[in-house]
1. From the backbone phi of the stretch 60-76, what are the Karplus-calculated ³J(HN,Hα) couplings (6.51 cos²θ - 1.76 cosθ + 1.60, θ = phi - 60°) in whole Hz, Gly and Pro given as x?
2. What is the calculated FRET efficiency for Arg7 to Arg27, with r their C-beta to C-beta distance and R₀ = 22 Å, to the nearest 0.05?
3. When only alpha-carbon atoms are used, what values of Rg and Dmax, in angstrom, describe the chain?
4. Per the helix-only calculation at 222 nm, which mean residue ellipticity applies to the chain, given -39500 (n - 2.57) for every DSSP H run of n ≥ 4 and division by its residues, nearest 500 deg cm²/dmol?
5. Could you calculate the FRET efficiency of Ala19 with Arg141 from 1/(1 + (r/R0)^6), where r is the beta carbon distance between them and R0 is 41 Å, rounded to 0.05?
6. So how exposed is Asp51, as accessible area in Å² (1.4 Å probe, rounded to 10)?
7. For the stretch 1-72, what does the accessible surface come to per residue with a 1.4 Å probe? Please give it in Å².
8. Provide the descending list of Cα extents for the stretch 124-185 along its principal axes, expressed in whole angstroms.
Amino acid sequence: MKLTTHRTVITPARPADAAALSQFHTRNAAHLAAWEPARVDGYHDPDAWADRLAAEVREMEADRSLRCVVRLTQGSPIIANCNLNNKTRGAFQAAHLGYSIDAEHEGQGLMYEALETFLDHAFNDRTLNRVMANHRPENTRSAALLARLGFEREGFARNYLKISGHWRDHVLTSMLAEDWQARIR
C-alpha cells in the first residue's frame, strides 16, 4: 500500500523505518509530551522501534491495525504518522484513529491532507464502517482538525487515558462510512 496526496506520501511503517521513527519522536518529544502516554527510558531508541515495528507488521497482516508514516517524498524524513488501532471486524467493522505531526510542519494543512486520504483508504479499501478519534479537551488543534474532517462529537470520557503520567479526560468523536461517502460526493 502506498497513498499519495498533493504533498505527501503515506506508507505502512516497517522495521526499516525504525531509525526514522526514532528521529521523529526524539525531535518532537517536547511537542508531543502533553498528548502521549509517559514512555520508559529507551522507548524511542531505534532498536526498540524495530522490535515494535516487527510486531506491528504481524498486527497489520492479521488486519488488526494499520500504522503508517507520512513523508513529503519517498525516502525523506518522517513528518507525521497516522494509525488505525484496535481494529475490530465482524459486526463492528471499526477502528480508532491516531496521528501526530512534526512541530515544524504543524499548521500547514499537511495532517488534514494526509488524514483525508488515509480515511478514504480506511472506509473504501479497508471497508470500515466507523472510525473513532478521541482528543483531550484542551487539544484545540486536534478538535479543529477532526471537525474539519467531518468527525462528530459522541461523548465525553472522564479519566479516559493515562497521558503524561495522569488520567486525562477525552472528547469522543467518530466518523461513519456513510457520512464519509456523502462528504466526498
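The values are calculated or read from the model by the stated rules, or taken from the named source; none is laboratory data. None of these values were measured; they are calculated from a predicted model. Because the Cβ atoms are built from the backbone with ideal geometry, glycine has one as well, and the counts that use them run over all protein chains shown. Side chains included, ligands, DNA and RNA excluded: accessible areas come from the protein's heavy atoms. Shrake-Rupley method; radii C 1.70, N 1.55, O 1.52, S 1.80 Å.
1. The phi angles translate into 5, 5, 8, 6, 9, 7, 8, 9, 10, 10, 10, 10, 6, 9, 4, x, 7 Hz.
2. Details: r = 20 Å, r/R0 = 0.89.
E between Arg7 and Arg27, to the nearest 0.05, is 0.65.
3. Every Cα atom of the chain included, Rg and Dmax give 15.8, 47 Å.
4. Working: 6 runs with 59 residues, N = 185.
Using -39500 (n - 2.57) per qualifying helix, the result is -9500 deg cm²/dmol.
5. Details: r = 28 Å, r/R0 = 0.67.
So, using R0 = 41 Å, E works out to roughly 0.90.
6. Its heavy atoms expose roughly 110 Å² to the probe.
7. On the way: 3830 Å² over 72 residues.
Accessible area per residue: 53 Å².
8. Result for the stretch 124-185: principal-axis Cα extents of 41, 21, 18 Å.
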